[in-house]
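Every number here is computed from the coordinates shown, using simple stated rules; none is lab data. Since we're looking at a predicted model, the values are computed, not measured. In this analysis, Cβ positions are derived from the backbone assuming ideal geometry, glycine residues included, and neighbour counts consider all displayed protein chains.
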Amino acid sequence: MTDAAEPLKSPRRKGIPPLILGLGLAMALAGAGFYATFTGLVSVDSALQGSRQEPMGTPSAAAFAYVPIAPITINLGLRGQSRHLRFAAQLEVAPQEAAEVGHLMPRILDVLNIYLRALETHELEEPAALIRLRAQMLRRIQIVTGPGRVNDLLITEFVFN
């Protein structure tokens, strides 16, 4: 009966514990990686340049042109209320597309007027409204001008009172 009360002792494993083996392998691989890059067997710069299409940094001034949109003043709200939105922006386009986009400016102004007049005043008062409105207006302008002509819409004036 005394044998049943004694806990069974498990046989102790002999050998290197797995944690020490893992650390040793990690250090060996780190050393091999350092040696390969230090001696020039692996070039980090050539690997990075192969994956990038163009260098990071500021784009050149000749890469784009701006086409101004005439300021728009829109009466919002009911007839008894005098709430106005004043909007002005510029379109970022490729230099060769500036004349074409300028020629389409009446259509662009029409699309913006229709969109901005359809907005409710509570939509303009939201904190993130300008980001959403900018995306909506850019998409409508890109539909009017055609694919690939307008890169961005830069809002220069957005006053709601």
Per-residue Cβ neighbour rank within 10 angstrom, fewest leading, MET27, MET105, MET137: MET27, MET105, MET137
If the label point sits 7 Å along Cα→Cβ of GLU100, residues of region 125-149 with amide N under 12 Å come out as 145-149
Separation of the ARG86 and ARG132 label points, Cα + 7 Å toward Cβ, nm: 2.6
